[in-house]
Amino acid sequence: MNSRERILQRLYASQASAQNPEQTSQTTGIQAEHAAGWTQLAQSEWLASFKQNLLDNHAEVIETTTANWAGELAQQLTARGVKRLLSGEHEQGRVLLNALAQFAEQHTEQQKITPVDASLLTEPLSKEELFLSIDAGFSVASAGLAETGSLLVETGPQEPRALSLVPPLNIILLNASAITASFLTLVQAQKLPAHMPTNVLLISGPSKTADIQQTLAYGAHGPKELIVLLLTDA
Amino acid sequence: MSQKIASDSMHINIEQLQQELNVEQREFNELQQRHFKVRAKMALENEALRKSFRGASDFLMGKRKAVFPDESALSALRDRGEAIRQHSLANLPELLERLEKNLTANGIQVHWAETADEACTIIHDILTANNARTVVKGKSMVTEEIELNHFLEARGIECLESDMGEYLVQLAGETPSHIIMPAIHKNKAQIARLMHARAQTSDGSQVPYTEDVDELIGNARAILRDKFMRADAGISGVNMAVANTGTLCLVENEGNGRMTTTMPKLHIAVTGIEKVVEDFSHVPELLTLLTRSATGQKISTYFNMISGPKKAGELDGPEQVHLVLVDNGRSRIFSHPVLKPTLQCIRCGACMNHCPVYARVGGHAYGSTYPGPIGQVVTPQIAGLEKHGDMLSACSLNGACGEACPVRIPLPELIRELRAEAVSPQFTDAAAVSNATAVQEVMGRGAKRTLGESLIWRGWALTHRFAPLYRIMTTAMTRGRGLFRSKAAAALLSPWTDSRSTPQPARRSLHELAKARGVAGQYQNNTADKRGDNA
């Protein structure tokens with residue numbers, strides 16, 4: 001018998017001799033009550049809670065629209081002096097790249113403006129390049145959680161894991177209509193994918209730590225800053 | 001302030017500082033070998049340490065309280081947490097098999113380890129099979145429990161802790177003093193000295209002396225990011241493993257957990273067998289209980305759900321993911337009718353944050369991987385009452401831990417049960433054995449049983465069962481009360497009176513006083529003097 005069989009055998013034997021049958025409590029009631037408390041709130045209240053929680057966790061929230069976000073972001077990134085930005089290979093990434101190019105073109109006469117070198121990640125990047133030369137990563141979230149101010153990011157071929165982790169600045173785009181009450185309501189509504197992607201994340205702020213004398217410091221290992229672009233009309 | 005420190009730093013003699021730290025490390029190691037009582041005493045005498053723990057406990061209790069404003073909502077959530085964990089345990093073997101099946105289908109390789117040594121060997125084998133020489137570790141208490149770092153380092157594999165607190169503790173050559181905040185016992189100045197003396201940047205130079213927390217974190221960040229970039233393998237813990245989807249969930253704020261599980265081409269997750277939950281619908285409430293109870297956060301910065309290695313077409317992520325399921329005494333705990341709720345634990349640390357004893361002696365005094373109330377319950381069960389039974393005395397049974405526990409583990413009851421186990425005779429007679437069937441006795445049951453003490457307790461029980469004996473005893477105590485001040489009594493009672501005042505029997509017993517007031521025999525009518533007698 002190997003370890004697996006011995007462990008399982010011991011567990012099954014104890015289970016069989018346990019005198020107490022499983023306590024099934026009124027758990028579904030509690031779940032339902034909790035969910036109801038949040039779902040009764042209007043979408044606008046969800047939005048307010050979502051924003052406030054992100055602000056409390058040191059993130060920046062920019063409310064904008066489908067037509068304007070890319071232009072606004074292009075301006076922000078240029079003003080911040082971001083040199084290199086990476087995005088996954090998705091539609092929103094292409095829109096941002098166009099906006100950045102357009103912004104640079106419109107401001108060519110202006111001195112002191114360095115255009116952002118932005119590209120879509122289509123093949124693996126060396127770790128050295130990723131860690132040492134990328135300033136910003138652009139990701140798209142598929143849902144937002146009001147109760148905690150969290151962004152659901154499903155990674156995959158179009159959404160590499162490292163973009164929301166390694167660059168010091170992380171930008172995440174979210175449609176306001178994708179904001180739901182809480183993680184619990186999201187799971188209950190079965191909005192998590194049936195077949196989980198290899199890596200799904202809830203992101204609720206920039207990386208932080210309080211391991212030194214309970215003093216909060218941002219940018220522990222991951223992004224030092226998080227910008228959330230909230231599309232209020234989408 | 002920071003200006004002054006910066007200029008002072010010019011005068012720090014690095015060699016002298018390194019020597020000082022070596023001495024401190026040696027002292028730490030020596031103290032960890034001593035008896036629990038010695039460690040507790042030393043801790044109580046260390047003012048800086050007491051200040052660190054008092055500060056941290058107050059901070060964490062305050063944060064938790066603020067994030068649970070509604071008592072009844074908290075109570076309902078704790079009910080739910082308890083129910084979920086009990087449901088998981090009631091179905092533990094089935095859920096483990098289901099977890100294995102679904103993880104395997106997702107491409108995650110599952111390994112089972114009965115003992116700490118077997119777990120270390122499995123991990124070492126995976127590393128060598130993949131030619132991995134450098135490892136970065138995410139935070140994982142179970143790898144502390146199985147002492148993985150020593151095992152791998154003895155075999156020439158570099159094993160670097162990457163959680164900020166764990167990194168500092170490893171740099172100091174110590175062990176974590178808290179399961180959530182490992183370096184809670186160190187203050188800023190101590191960490192500044194440590195980083196300056198021992199940390200090396202990737203180009204091999206010394207880290208400048210600073211007591212600024214942002215700078216300290218920035219220096220550690222630079223060192224560790226370089227390691228994340230180069231490490232051959234990442235080893236992490238697991239907060240919850242979801243059986244139905246084959247998903248490993250990790251809770252963290254820093255991003256080192258994501259780095260560890262994302263950047264190296266090999267990821268090995270290690271978990272105790274009790275961390276499994278059946279369904280994803282059980283995850284959100286446990287998550288909210290965990291982060292709120294641990295650090296008073298509504299949610300952690302990252303909640304990382306891993307359901308497989310990098311798939312075709314994906315640009316990053318590990319090529320291999322392994323899960324090592326560690327028993328190491330857990331199936332024995334599972335068999336115990338009273339102690340089984342030990343396994344409900346979600347490792348939030350709220351019990352230690354609320355423990356008045358922990359707040360005073362700190363984590364290292366316990367001399368075990370898991371300190372505080374949950375440590376007092378877990379450690380004697382996995383490492384034996386002979387070695388770790390003494391720490392059970394570090395409890396006043398005040399009940400704060402049980403009230404804080406998000407999954408309602410009856411910690412005071414479990415501590416009391418283990419105290420009883422420690423002095424109970426081992427299962428010998430046929431009745432106890434047949435009664436027990438699958439129950440395995442706690443490792444080291446009866447280890448603290450002594451003839452003298454068991455005779456005293458028998459006498460005590462006898463005295464309280466027979467009225468004449470009881471009367472003789474109270475008469476002897478009251479009439480002979482002067483003897484308690486004698487030298488002989490002082491010597492006899494010293495284990496108790498060293499840190500407490502000497503008990504002082506009253507001049508006359510309660511019975512005598514009651515009789516004198518004419519209330520004897522009227523107790524049942526509840527007419528005894530309401531003011532009571534504090535003779």
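Here are the numbers for the structure shown:
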| item | result |
| --- | --- |
| Complete set of residues in the stretch B:301-328 that are surrounded by 22 or more Cβ atoms within 10 Å (Cβ to Cβ), more than 7 Å from chain A (Cβ to nearest Cβ) and assigned to a loop (DSSP other than H, G, I, E, B) | B:PRO318 |
| A:ALA143 vs. criteria under 21 Å from A:LYS51 (Cα atoms) and more than 11 Å from every other protein chain (Cβ to nearest Cβ) | yes |
| Flag for B:ARG292 being more than 8 Å from chain A (Cβ to nearest Cβ) and either in a helix (DSSP H, G or I) or β-branched (Val, Ile, Thr) (or both) | yes |
| Subset of the stretch B:82-94 [within 27 Å of the chain's Cα centre (by Cα) and at the interface with chain A (Cβ under 10 Å from one of its Cβ atoms)] | B:GLU82, B:ALA83, B:ILE84, B:GLN86, B:HIS87, B:LEU89, B:ALA90, B:ASN91, B:LEU92, B:PRO93 |
| The stretch A:207-234, subset surrounded by fewer than 24 Cβ atoms within 10 Å (Cβ to Cβ), assigned to a loop (DSSP other than H, G, I, E, B) and of a type outside the set (A, V, I, L, M), residue farthest from the other protein chains (Cβ to nearest Cβ) | A:ASP233 |
| Residue in the stretch B:16-50 that is surrounded by the most Cβ atoms within 10 Å (Cβ to Cβ), counting only those that are of a type in the set (D, E, K, R) and more than 23 Å from B:SER393 (Cα to Cα) | B:GLU24 |
| Qualifying residue in the stretch A:134-143 (condition: touching a Gly at 6+ places or on another chain (Cβ under 7 Å), of a type in the set (Val, Ile, Thr) and at pLDDT 95 or above) | no |
| Leading residue by the ranking (modelled with the lowest pLDDT) among those in the stretch B:487-535 that are outside any helix (DSSP H, G or I) and under 18 Å from B:MET473 (Cβ atoms) | B:ALA535 |
| Among (1) under 23 Å from B:SER177 (Cβ atoms); (2) of a type outside the set (D, E, K, R); (3) in contact with a Ser or Thr (Cβ under 9 Å, 6 or more places away or on another chain), the one test that B:SER57 misses | (3) |
| Restricting the stretch B:272-289 to residues that are of a type outside the set (D, E, K, R) and within 8 Å of another protein chain (Cβ to nearest Cβ), the residue that is farthest from A:VAL153 (Cα to Cα) | B:ILE273 |
| Residue ID - surrounded by the most Cβ atoms within 10 Å (Cβ to Cβ), chosen from residues in the stretch B:258-271 that are outside any loop (DSSP other than H, G, I, E, B) and at the interface with chain A (Cβ under 9 Å from one of its Cβ atoms) | B:ARG258 |
| Selected residue (criterion: farthest from the chain's Cα centre (by Cα)) from residues of the stretch B:291-345 that are within 17 Å of B:ILE235 (Cα to Cα) and of a type in the set (Val, Ile, Thr) | B:VAL321 |
| Residue in the stretch B:353-373 that is within 30 Å of A:ALA194 (Cβ to Cβ), within 24 Å of the chain's Cα centre (by Cα) and surrounded by fewer than 24 Cβ atoms within 10 Å (Cβ to Cβ) present | no |
| Qualifying positions in the stretch A:157-187 - among the small types (Gly, Ala, Ser), in contact with a helix residue (DSSP H, G or I) (Cβ under 8 Å, 6 or more places away or on another chain) and crowded, with 23+ Cβ neighbours inside 10 Å | A:ALA162, A:ALA181, A:SER182 |
| Set B:PRO176, B:PRO182, B:PRO208: member being outside any helix (DSSP H, G or I) and at the interface with another protein chain (Cβ under 9 Å from one of its Cβ atoms) | B:PRO182 |
| Which numbered condition B:SER177 misses (of (1) more than 30 Å from B:ASN46 (Cβ to Cβ); (2) crowded, with 22+ Cβ neighbours inside 10 Å; (3) not β-branched (Val, Ile, Thr)) | (1) |
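Conditions tested, residue by residue: (1) among the acidic types (Asp, Glu); (2) surrounded by 16 or more Cβ atoms within 10 Å (Cβ to Cβ); (3) under 27 Å from B:THR342 (Cβ atoms); (4) within 9 Å of chain A (Cβ to nearest Cβ).
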| residue | (1), (2), (3), (4) |
| --- | --- |
| B:GLY62 | no, no, no, no |
| B:PRO69 | no, no, no, no |
| B:SER72 | no, no, no, no |
| B:HIS111 | no, yes, yes, yes |
| B:GLU118 | yes, yes, yes, yes |
| B:HIS124 | no, yes, no, no |
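The values are calculated or read from the model by the stated rules, or taken from the named source; none is laboratory data. Computed from a prediction, not measured in an experiment: that's the story for all the values here. We place every Cβ from the backbone using ideal geometry, glycine too, and count neighbours over all the protein chains shown.
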